[in-house]
Amino acid sequence: MSNVSEAQIRTVQKYSALARGLCSVLLVMLMISSLLVVSMVVNGPGPGGAKITIGRFVLSASDLDSVRLKIWLLFMIGTGVAISAGIIYLLRRVFDNMAHAEIFSADNVRHIRRIGLLILAVGVLQLVMPVLDAILLADSAFDDHSLTISFPAALVPFLAAGFIYLVSWIMQVGLGVTTEAAELRRDAELVV
């Protein structure tokens with residue numbers, strides 16, 4: 001391996017280790033903030049006129065008297081946290097592999113494809129959640145019964161998922177080229 005490629009690999013390893021650490025911090029922050037939001041939904045936003053915003057809902061303590069609304073909000077929060085944590089965890093795994101100089105690996109291809117699937121799930125949820133909101137909250141005392149789906153914005157996760165699948169395909173091709181180059185190098189050493 002040339003000095004240039006070794007230096008590039010060391011740089012990738014260094015920055016990947018930093019990114020892995022950042023992903024770990026983000027996971028911890030996500031869990032702490034999620035617990036805080038869940039606590040506010042279960043116990044109310046606090047005294048006085050305090051309000052919390054969850055998605056398109058701005059809720060006060062009186063809005064959170066409905067058990068059905070609390071369950072729906074907890075479901076939405078749980079789904080969002082699960083997808084977010086999954087994406088961050090998979091990114092952390094990719095950066096961990098890259099920090100160990102496993103840049104083009106089957107694990108990285110698999111992790112990147114799973115990230116694409118999770119982002120695709122975000123796109124589907126952006127289309128489905130407003131409809132479910134309207135159905136589940138239609139007869140509630142909650143004020144907002146409007147159905148809002150922004151189609152241009154709803155397409156962004158689908159485009160991002162397609163791009164991420166393209167990246168995973170490029171990584172898979174890179175893995176094949178790397179494997180083939182290693183085999184050719186072994187064959188050349190046997191001949192010499």
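A few comments on the model shown:
- Residues in segment 79-98 that are among the small types (G, A, S) and modelled with pLDDT of 95 or more: A82, S84, A85, G86.
- Pairs with Cβ under 8 Å, 6+ apart, first in segment 14-32 and farther than 20 Å from A82 by Cβ, second surrounded by fewer than 16 Cβ atoms within 10 Å (Cβ to Cβ): none
- Filter result for I103 (under 27 Å from the mean Cα position of the chain (by Cα), at pLDDT 80 or above, in a helix (DSSP H, G or I) and under 30 Å from A7 (Cα atoms)): no
- Total residues in segment 31-77 satisfying the condition of being of a type outside the set (V, I, T), surrounded by 14 or more Cβ atoms within 10 Å (Cβ to Cβ) and modelled with pLDDT of 80 or more: the figure is 7.
- Residue that is modelled with the lowest pLDDT, among those in segment 137-156 that are outside any loop (DSSP other than H, G, I, E, B) and either crowded, with 16+ Cβ neighbours inside 10 Å or of a type in the set (F, W, Y) (or both): F151
- Segment 178-192, subset free of Cβ contacts under 8 Å to residues at least 40 places away in the same chain and of a type outside the set (D, E, K, R), residue nearest to R114 (Cα to Cα): T179
The values are calculated or read from the model by the stated rules, or taken from the named source; none is laboratory data. Everything numeric here is computed off the predicted structure, so don't read it as measured data. Positions of Cβ are generated from backbone atoms using ideal geometry, with glycine treated the same way; all protein chains shown enter the neighbour counts.
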